[in-house]
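Remarks on the structure that follows.
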There are 2 protein chains.
Amino acid sequence: MLSSLFNPDSVAVIGASRKKGKVGNAVLSNLVKDFRGNIYPVNPGEEMIEGLTCYASILDVADEVDLAVVVVPAKVVPPTLEECGKAGVKYVVVISAGFKEAGIEGAKLERRSLEICKEYRIHMVGPNCLGIMDPVAGLNASFAASMAYEGNIAMMSQSGAICTSTLDWAEANGMGFSKFVSLGNKADLGENEFLAEFRDDPSTSVIAAYLEGIKNGSQFIEIARDVSRKKPVVLVKSGRTAAGSRAVSSHTGTLAGSDQAYNAAFDKAGVIRADTLEDMLDYIRAFSTQPIPSGRRIAILTNAGGLGILTADACYYEGLELASLSGETIEGLREFLPDAASFYNPVDVLGDASAKLYGDALEIVLKDPNVDGVILLTSPQAMTDVTSIARIVIQKMENSDKPVLCSFVGGTRVMEGNSILVAGGVPNYTFPERAVASMGALCDYGERRSLTYPLPKPVHSDRKMASALLDEAAAKDKKILGLESFDLLKAYGIPVVETGKASTVEEAVEESERIGYPVVMKVLSPDISHKTDVGGIRLSLMNKDDVRRAYHTMMSDVGRYMPSARITGVQLQRMIEGGREVIIGMNRDVQFGPLLMFGLGGTYVEVLKDVSFRLAPLNEKDAHSMISSIRSYPLLTGVRGEKAYDVDAVADVLVRVSRLVEDFPQVLEFEINPLMVLPEDEGCFAMDMRLTLKESN
Amino acid sequence: MLSSLFNPDSVAVIGASRKKGKVGNAVLSNLVKDFRGNIYPVNPGEEMIEGLTCYASILDVADEVDLAVVVVPAKVVPPTLEECGKAGVKYVVVISAGFKEAGIEGAKLERRSLEICKEYRIHMVGPNCLGIMDPVAGLNASFAASMAYEGNIAMMSQSGAICTSTLDWAEANGMGFSKFVSLGNKADLGENEFLAEFRDDPSTSVIAAYLEGIKNGSQFIEIARDVSRKKPVVLVKSGRTAAGSRAVSSHTGTLAGSDQAYNAAFDKAGVIRADTLEDMLDYIRAFSTQPIPSGRRIAILTNAGGLGILTADACYYEGLELASLSGETIEGLREFLPDAASFYNPVDVLGDASAKLYGDALEIVLKDPNVDGVILLTSPQAMTDVTSIARIVIQKMENSDKPVLCSFVGGTRVMEGNSILVAGGVPNYTFPERAVASMGALCDYGERRSLTYPLPKPVHSDRKMASALLDEAAAKDKKILGLESFDLLKAYGIPVVETGKASTVEEAVEESERIGYPVVMKVLSPDISHKTDVGGIRLSLMNKDDVRRAYHTMMSDVGRYMPSARITGVQLQRMIEGGREVIIGMNRDVQFGPLLMFGLGGTYVEVLKDVSFRLAPLNEKDAHSMISSIRSYPLLTGVRGEKAYDVDAVADVLVRVSRLVEDFPQVLEFEINPLMVLPEDEGCFAMDMRLTLKESN
């Protein structure tokens, strides 16, 4: 789709300059250095720049221009884009700053620019960006210091400075790119368009991104999920915290969603979230060179016991398994390793091991069917021939389909070995834990890639009834609905506890008879919030007499404790025993829509914050994983010989709530609290609910 | 104490060799290169090595020898040490391998070597080590590739290869050392002796260590706590996990304590535990050059918004506070920064900032009384003069007593700036999160250093009675004591619930009258473990009649459910209501002694593993911090308007338990479960206990 953005036949630089140090000069020089198509500098004040004829306007260029790089002042950008439109330009990269990031005036300019682009069907990168690169096509349409090396990593970044830092780091560390995009303010083209582009780009095998926000959340999930099945997507999303988010808003004015929602979104999309830029660079080095392992069983090969222990520790924390080497492997190692070596995992070839010994050990370990990947450690000890070890690692890897990550731990004496490894396509990390974390990312991706995402089964619902109920509330300007709106749950097949209302003692008896005993009676009053404190709750009423007595004593108790309270009657509810309380909640995230929450009731949520989040829509698998991912999950499955609760029924309610809140975007917040879960096969019942409606506009 | 180890007048190399590549040659060459005192090669087969007269035996050296470096085969080490003893040598560094790490025979050789050392009052480093260095004194008594740079960091490592890797890394990264010790098998001198030595060494200001185990746990805590008050101690302790620990035992045969106990020990000692070697190197770079901040309020200064956000995120996770800049600072920044800059924290000087602008901003931010430390970020953008920024940072720091850590994020284009910073004594980290973590370590140390460690108040106890009780159990070969031994708790002033035993109905009534109502009755039988299941528990007995009825029905119920059970009678206990159950436990750690555990009862411990650990002895502050560090602590202090419980009483019990288990080393495990805590000022009561005694030998 964006092929003539990255591989245009002709490029114009509008605002080209002859002055060294000017962005308009840097962009042009970069293009001249590598680009093989036609280049048209545009600047009304110049005749020639860098040996090229300069044009007063893009309209003066006779040739068709595929891509225009715009480096004129912000104010001049809209008319410039207009000219581009008239000249039939298909893509523009607006490097100029002074737009949304600069305040209200800038935001207006940005909106105007976007309108013009839409009118002329131009696609725009930026504004306020460093530019773009396609090292494969030889296009450097940026003011970066130099062209990136060619490689198979497509990277995009919402921060121009992080582009610069990454490119500089990559140059020093031999990392190459297939595409490099500075997203800037993402007025038009954003992460979603580039994700789709990178997915279909044959020169790209890994996608990396630094993002501060996401433009269209649900589209992002859809695209990223599809892309992730084909290529790993590793991203850093900054502004994770309140502190960080403040910096985001002053930086690019992006409306940041909550970090919980982002995590849920990345999880749903199968995207690998890196916590730091360093992690991202570590992971993509592994992805760009190594095969994806088929399991998490890792072998460690080392010439230093201490490094082996540190690596084993790190594997444990990363959730990687130390492979149990097969008997054959152990016997094989015994044949040529010295007696003092360790033949078990970590395999310690000892400090004086030759490169040949290392190579033989690596070969045999890679062949072990119990091993899914290898981490190879080297300390540059007295007898250690680091460069030969590097060479032999590369040689042994050629015939293997398992990933090998190296950690040659040192400085000066491992430098050459490091260069050999990098040139040979084996990532080397200065410290073992970084190799372990990267191996973890490979394994995670291996697992995610093979996941399927079945659509939720359809939920049978009486949507019309639900809609009428919500419309009625809106008409009455009612913003908060409570358990008097249980019909909404019923409409979606969510079981609710039998409930009734009465304003006389005889009504109370009648309702109780209908509900069935035992019942609970609660006073209804707009003035009473703590019912227990005023004697406003009666439990375990077993028959008519109990109900009558309860009604009379409650009225007199409440009247005595709170003579001023207006009493509208009592609520009657079937009393449910032997269950466990859970909470199902929903908050509508601005970026990603309904974010569902699950947790055990009471202190588990309130004190221990032991909850899980998922984005709608939920299928049953999602619902089950949501339930099982809280720490207190064992309390639902039966701990210490206690009974197990009906987790399937809870999962079913989660799926139905997901459907309900998706059907009605006017529902801002939603909570069933508590949902009483009975023992296995006995179901669950909503005991109370609370729902907040959007202000109608 | 060890001064003539590190700064000897004369050194012998026993096992010196003329063959390049041999350890005996490497050690001698290293000495010859830098050492200014006398060097005596010892090797019966040579006359001259490296231009020095070679001796057949150390006994032939006429001069007094302070230090002998031993590189002969393991078998020859004991006679060699014997000769050293006779020659009056004070210190030996045994580089030779083939000792404890090599198996039973080696372990014998090691024990023999140690005996000889003790006999002749020789102190030994190693065996199985790389050697030692004192770059300040010009001593390189090791077979390392080269001498370390001089600096103020004293480092010791239990792994020779990690010495090698660290030295090589340090050389490439301009890190210098005051002392460098490869500990090897630590047969004689270990971490405790060197900690004490480094504390008193005027050239050392930071201490770093890589350890796989600790030899004398309680001595370590005592020494490290004292050292930590004067100089930061940063250490990596590997073998943290089950997987890692296996690797440890095959590596050096160290008996590793549990990681929980190590954490508790490091905490008690005020030592900073680094999770990885990389973290350790990061932290010590900061400690070796920067002042300790007086608070956690950090200012971020950046030329790149994206880096600022990432750093703010990291500060949040690290528990650092983003400083609120004073009005004066903000006004000051406004005076010279461009309008588009950010004057709030993170302060963004913008991508085209000059070095002067950076410097002026740094100066003003450092002066802000709301700022305790600064993290300065630089992305090498088009206009960025990285080297000038590095120079100006060093200049501005000179007049400040606040730490500044830099992160120049890039590769090639930040290299020179990095070198300038390092040479100028400002740590630079390739990625901002590493600067943040290091700042966190500085802040943590600042807080720990000022902590006081009051001794526990004396506990009034009837130690004689407790001793008699335990002796009696031992005499009867009783290994497990239950609540029948409540007298032990009473002897230490720990309140226990009134409890009695009865084997007839009338005894039951009598006991109940003594205890006071309500009481709980439980069947006593060696055959019944689940009392509830057989009707063996009766709650809320309010008077004599209740007790009689309960006794009779219990006997008949239990008889019916479990006719074969031998019933020895019933237990009667005062029923305590309105309390919350907590658990106090103790396990005796092999390295560090009594490790106390605290948690809320039931699922909080069993399912959520929400517990805290501390090593005895506990003072009241320790006990309170132990209680408040569990996640579910709010449940004790009153959440959602609930009452607060008597935390002071629990703390008091913790202190008493600590005293009790310290007084009686024969107590291997100990648990009060549950301890019932009543509302504030109402105390707490042990409801049950369990104690395991050591096998007597």
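The table below gives the values:
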quantity: Contacts under 8 angstrom Cβ, first residue in the range A:69-98 being under 16 Å from residue A:11 (Cβ atoms) and in the same structural domain as residue A:189 (by TED's automatic domain parsing), partner among the charged types (D, E, K, R) and buried (at least 19 other Cβ atoms within 10 Å of the Cβ), 6 or more apart; calculated: A:89/A:66; A:90/A:66; A:91/A:66
quantity: Number of the condition not met by residue B:115 [criteria: (1) away from chain A (no Cβ under 14 Å); (2) closer than 26 Å to residue B:39 by Cβ]; calculated: (2)
quantity: Residue that is farthest from residue B:280 (Cα to Cα) [pool: residues in the range B:159-176 that are under 21 Å from the mean Cα position of the chain (by Cα) and facing chain A (nearest Cβ under 7 Å)]; calculated: B:159
quantity: Top-ranked residue of the range B:299-319 - restricted to ones that are facing another protein chain (nearest Cβ under 9 Å) and over 14 Å from residue B:379 (Cα atoms), ranked as surrounded by the fewest Cβ atoms within 10 Å (Cβ to Cβ); calculated: B:317
quantity: Residue A:106 in a loop (DSSP other than H, G, I, E, B), more than 27 Å from residue A:1 (Cβ to Cβ) and assigned by TED's automatic domain parsing to the domain that holds residue A:45; calculated: no
quantity: Test: residue in the range A:451-465 that is under 30 Å from residue A:291 (Cβ atoms) and either modelled with pLDDT of 95 or more or of a type in the set (Phe, Trp, Tyr) (or both); calculated: yes
quantity: Residue A:398 being more than 21 Å from residue A:314 (Cβ to Cβ), in the same structural domain as residue A:317 (by TED's automatic domain parsing) and modelled with pLDDT of 95 or more; calculated: no
quantity: Matching residues in the range B:382-409 - criterion: being within 13 Å of another protein chain (Cβ to nearest Cβ) and among the polar types (S, T, N, Q); calculated: B:384, B:407
quantity: Selection count, the range A:30-68, where residues are hydrophobic (A, V, I, L, M, F, W, C), in a strand (DSSP E or B) and under 15 Å from residue A:14 (Cβ atoms); calculated: 6
quantity: Residue tally, condition part of a helix (DSSP H, G or I) and either modelled with pLDDT under 95 or within 19 Å of residue A:294 (Cα to Cα) (or both), over the range A:361-377; calculated: 6
quantity: Count - residues of the range B:590-609 that are buried (at least 20 other Cβ atoms within 10 Å of the Cβ) and of a type in the set (D, E, K, R); calculated: 0
quantity: Candidate set: the range A:412-461, residues that are within 19 Å of the chain's Cα centre (by Cα) and of a type in the set (Ser, Thr, Tyr); chosen: the one surrounded by the most Cβ atoms within 10 Å (Cβ to Cβ); calculated: A:438
quantity: The lone exception for residue B:299 - which of (1) modelled with pLDDT under 95; (2) assigned by TED's automatic domain parsing to the domain that holds residue B:429 it fails; calculated: (1)
quantity: Among the residues listed as A:90, A:108, A:118, the single one being of a type in the set (D, E, K, R) and touching a helix residue (DSSP H, G or I) at 6+ places or on another chain (Cβ under 8 Å); calculated: A:90
quantity: Filter pass, residue B:259 being surrounded by fewer than 24 Cβ atoms within 10 Å (Cβ to Cβ), under 11 Å from the mean Cα position of the chain (by Cα) and either modelled with pLDDT under 90 or over 21 Å from residue B:593 (Cβ atoms) (or both); calculated: yes
quantity: Qualifying residues in the range A:630-682 (those that are assigned to a helix (DSSP H, G or I) and among the acidic types (Asp, Glu)) - the one nearest to residue A:588 (Cα to Cα); calculated: A:662
quantity: Residue satisfying all of: in the range B:331-355; at the interface with chain A (Cβ under 9 Å from one of its Cβ atoms) and in contact (Cβ under 8 Å) with a residue 40 or more places away in the chain; surrounded by the fewest Cβ atoms within 10 Å (Cβ to Cβ) among these; calculated: B:351
quantity: Residue tally, condition without any contact (Cβ under 8 Å) to a residue 40 or more places away in the chain and either among the charged types (D, E, K, R) or not in a helix (DSSP H, G or I) (or both), over the range B:401-424; calculated: 7
quantity: Residue list for the range B:425-450, restricted to those being in a loop (DSSP other than H, G, I, E, B) and either aromatic (Phe, Trp, Tyr) or away from chain A (no Cβ under 14 Å) (or both); calculated: B:425, B:426, B:427, B:429, B:431, B:450
quantity: Selection status of residue B:101, surrounded by fewer than 21 Cβ atoms within 10 Å (Cβ to Cβ), more than 25 Å from residue B:278 (Cα to Cα), touching a Ser or Thr at 6+ places or on another chain (Cβ under 7 Å) and within 14 Å of chain A (Cβ to nearest Cβ); calculated: yes
quantity: Residues being farther than 22 Å from residue A:73 by Cα and part of a loop (DSSP other than H, G, I, E, B) - total across the range A:123-138; calculated: 4
quantity: Residue B:200 surrounded by fewer than 24 Cβ atoms within 10 Å (Cβ to Cβ), in contact with a His (Cβ under 7 Å, 6 or more places away or on another chain) and more than 10 Å from chain A (Cβ to nearest Cβ); calculated: no
quantity: The range A:204-241: number of residues that are of a type in the set (A, V, I, L, M) and within 11 Å of the chain's Cα centre (by Cα); calculated: 8
quantity: The range A:275-288: number of residues that are out of contact with any Lys or Arg (no Cβ under 8 Å at 6 or more places or on another chain) and surrounded by fewer than 22 Cβ atoms within 10 Å (Cβ to Cβ); calculated: 4
quantity: Pair list, Cβ under 6 Å, 6 or more apart: the range B:494-508 residue closer than 22 Å to residue B:670 by Cβ, other residue assigned to a helix (DSSP H, G or I); calculated: B:494/B:653; B:494/B:656; B:496/B:486; B:496/B:489; B:498/B:515
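The values are calculated or read from the model by the stated rules, or taken from the named source; none is laboratory data. For clarity, every value in this text was computed on a predicted model and none was experimentally measured. A quick note on method: Cβ atoms are made from the backbone with ideal geometry, for glycine too, and the neighbour counts reach across all protein chains shown.
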